[in-house]
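Take a look at the structure below.
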Amino acid sequence: MTEYKGITEYLNVKIEEVQKKVISGKIKLLNYELAPIFAELKNGLNMDNLNNSSKTYKAACELLNQKFEELKRLLSSLDSEQKFFDYLKSNPKDVEISQLFDGCWRKVFQIESLSLNFLESSKNKLCKDKGAPITIVHLDKVFSKEEFLLEVPEQNFTEKMIAFFNEIKKRLPCLFEEIFGREQDQAKIYEMFVYLLHLLQLGKLKYQKDTNTLYI
């Protein structure tokens, strides 16, 4: 058992041990009763140890101030918690809530299927403006004695087919559908389709079925 020279030395050691436990996180001053220290100091006070007792009293008061600071932080945190609940009740946007937690984690983690970036990307894809739906217009039947349905003179057909070929060959190779571009006129699409059939038959164009590609 440790021998102490007096009550002040005993209390100084006791106060130092309490400080060490607080710093190490073993105890919190809010859960530690300081009244016995002040009571022992008061009961052991006399003229002989008055000077040393004043130093011990100062150290005990420092502990008491620390306890008040812990209490202030606790009350402040309780107030902040209520403010946070009030904020959530105001229905803030998800982005605003996310910004509140920026820097809360030392190591950044992200689950792709649940991340804000993934949800934002998904929203943008779903909200993307879509073009007007394609309208299919049925053409009137055209009866002709000619084997070819386009009603153009024979000499003009060849010229138009070659002009069409010169126009598209700079885009080749490309997918079959890309030849028609954004053309909406069904008659025009049919005319280009007939040109393609003749160019394929003449060997000026080639078609790869596996890749649906036209090339020279």
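The values are calculated or read from the model by the stated rules, or taken from the named source; none is laboratory data. Please read these numbers as outputs of a predicted model, since none were measured by experiment. Cβ sites come from the backbone with ideal geometry, for glycine too, and all protein chains shown count toward neighbours.
Could you check LEU78 against (1) outside the structural domain of LEU34 (by TED's automatic domain parsing); (2) within 39 Å of the chain's Cα centre (by Cα); (3) at pLDDT below 70 and say which number it fails?
(1)
State which residue pairs qualify: first residue more than 12 Å from LEU64 (Cα to Cα) and inside the stretch 17-32, second residue of a type in the set (Phe, Trp, Tyr) in any location, beta carbons under 9 Å apart, and separation of 6 or more residues or different chains.
LYS21/TYR32; VAL22/TYR32
Mind checking which residues of the stretch 174-205 are charged (D, E, K, R) and farther than 13 Å from PHE157 by Cα? So that I can check it myself, show each step before the final result.
Initial filter on the stretch 174-205 (charged (D, E, K, R)): 177-178, 182-183, 185, 188, 191, 204.
If the condition is that a residue be charged (D, E, K, R) and farther than 13 Å from PHE157 by Cα, then GLU177, GLU178, ARG182, GLU183, ASP185, LYS188, LYS204 are the ones that fit.
I'd like the full set of residues that are assigned to a helix (DSSP H, G or I) and under 47 Å from the mean Cα position of the chain (by Cα), limited to the stretch 189-216.
Taking the stretch 189-216 and keeping what is assigned to a helix (DSSP H, G or I), we get 189-202.
ILE189, the sole residue that qualifies.
I'd like to verify a number: residues in the stretch 29-45 that are loosely packed, with under 10 Cβ neighbours inside 10 Å and under 13 Å from GLY6 (Cα atoms), how many?
1
Is at least one residue of the stretch 51-66 among the hydrophobic types (A, V, I, L, M, F, W, C) and over 15 Å from LYS14 (Cβ atoms)?
Quick first cut of the stretch 51-66, residues among the hydrophobic types (A, V, I, L, M, F, W, C) only: 59-61, 63-64.
From the residues that got through so far, the ones that are over 15 Å from LYS14 (Cβ atoms) too are none.
There is no residue in the stretch 51-66 that is among the hydrophobic types (A, V, I, L, M, F, W, C) and over 15 Å from LYS14 (Cβ atoms).
Is there any pair linking a residue in the stretch 172-194 that is under 17 Å from THR211 (Cα atoms) to one that is exposed (fewer than 12 other Cβ atoms within 10 Å of the Cβ) and of a type in the set (Gly, Ala, Ser), with Cβ under 7 Å and at least six apart or on different chains, and which?
Cβ pairs passing all conditions: none.
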